Amino acid sequence: MKVSIISENCIGCGQCEATCSDVFKIEDDGVAHVVGEVKDENKEDVEMAADGCPTSAINVENA
């Protein structure tokens, strides 16, 4: 699984970081960034973060 942020869509609400701080972080620029790897143990949290993103800014590709 590969995950990325569509920064133009991100409003920096922090929902993704609250759901999976291992992978997502709101940086100083006010938007989310991918800061960690998607692993088996956090895969479900990554998917929950993507599903819960209010602006659909999280792109998840199943490889």
In whole percent, the Cα-Cα distances of the chain spread across 10 Å bins from 0 upward as 26, 61, 13, 0
Summed side-chain charge close to G52 - residues other than G52 whose Cβ falls under 12 Å, Lys, Arg +1, Asp, Glu -1
-4
Helix 43-52 sits off the longest principal axis of the Cα atoms of the chain, rounded to the nearest 10 on a 0 to 90 degree scale, by 40 degrees
A18 paired with S56, simple spin-label distance in nm, labels 7 Å along Cα-to-beta-carbon:
2.2 nm
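Each reported figure results from applying straightforward, stated rules to the coordinates on display, with no laboratory input. Keep in mind that this is a model prediction, so the values were computed, not measured. Don't worry about glycine lacking a Cβ; one is built from the backbone with ideal geometry, like all the others, and counts go over all protein chains shown.
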